[in-house]
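Read-outs: derived from the displayed coordinates by stated rules, not from any lab. What you see is a predicted model, and the numbers here were worked out from it, not measured in a lab. We place every Cβ from the backbone using ideal geometry, glycine too, and count neighbours over all the protein chains shown.
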Amino acid sequence: MGVAIRTAGDEDRELIVRLLDEAFQDDPVSGWVFPGEEYRRTTHHRLMAAFTEIVLAEGRIDVTEDGSACALWMSVPADDHDDDQGGGDGGTDDDGPAQVRRAVDPGNERVELIGRLTADIHPSGRAHEYLWMIGVTPGRQGEGLGTALIGSVLDRCDREGLPAYLEASSERSRLLYERLGFAPAGDPLLLPDGPYMWPMWREPRTTGPRDGLDG
C-alpha cells in the first residue's frame, strides 16, 4: 500500500495532539492514567500535548500526508535513556515526570508515575530507536497505516544494524508488534491497580519481509 509520509514540524502540533488524543482515548493505559470517561475527555489531550512538545524538540514525528496517523520516535544513545516518557532515573533529569505532571494535571500522580515506571524498565547499554507512541485515527485503524508509518524507520534500523524498542499498551498491539520482529524485553510492567505494559525489543533484521501492523 502506498502511503505518503512526511516529517511533522511545529506547524503540525495541533494536528498531532488531536490525532493522539483521539487514537488513545480507549487505550487501557490512558484509561488508567485518566480514570473516568469525562475526566479523560477533558484532560487526556494535555498529556498528548506534553509528549508532542518533547518529541518535536528532541526526536522525530512522522505523519501520513492525510493526517490520519503519526509515529513519535526518539533516538536513544548508548547508556542513556534519561528522557524516556519525559522522565529520568536520577540526577537533574529526574524532574522530567514531575514537570509533565505540573503541565498536565498537578493533582494526578499517575501522570508522573507512568513516566517514572517506564523509564525504570527501559533497556540501556545499546543505542536504539524508541517508538514512543504510534496513533491511528479510529476510523482508519485496520488499514495497515501503522506498518507504513514505522516501516521506513525499521528499514533504516536494519540497514544500520540498530535495534528498536517500545512499550505495547494492549494485548492487541503486543501481538501486532511481534509480527514486525519485536520480542519481549523482560517481564511485563503491571501498573498499580491497572493494566499491563509490555516492553519489547527488536534486533535489526538482515533479510526477510515484514508482516503488517493493522493499527
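Some notes on this structure:
- Structure-based [θ]222 nm, the chain - -39500 (n - 2.57) summed over DSSP H runs of at least 4, per residue, nearest 500: -12500 deg cm²/dmol
- Per-residue HN-Hα couplings for region 38-46 [Karplus 6.51, -1.76, 1.60; θ = phi - 60°; Hz; x = Gly/Pro]: 5, 4, 5, 4, 9, 10, 3, 4, 5
- The stretch between ALA183 and ARG126, if pulled fully straight at 0.36 nm per residue, gains 18.9 nm over its current Cα-Cα span.
- Most to least packed among 7-14, 144-151 [average Cβ atoms within 10 Å]: 144-151, 7-14
- Gyration tensor verdict on region 5-202 (Cα atoms; rounded if a/c is under 1.5, prolate if a/b is larger than b/c, oblate otherwise): rounded
- Extension reserve of the ARG102-THR7 stretch, reckoned as 0.36 nm per residue once the Cα distance is removed: 31.3 nm
- Summarising the strand pairing of the chain, around 90 percent of its internal DSSP beta bridges are antiparallel.
- The chain - charge dipole about Cα centre, Lys and Arg +1 at Cβ, Asp and Glu -1, debye rounded to 20: 500 debye
- Cα gyration tensor, region 87-200 - rounded (a/c under 1.5), prolate or oblate: prolate
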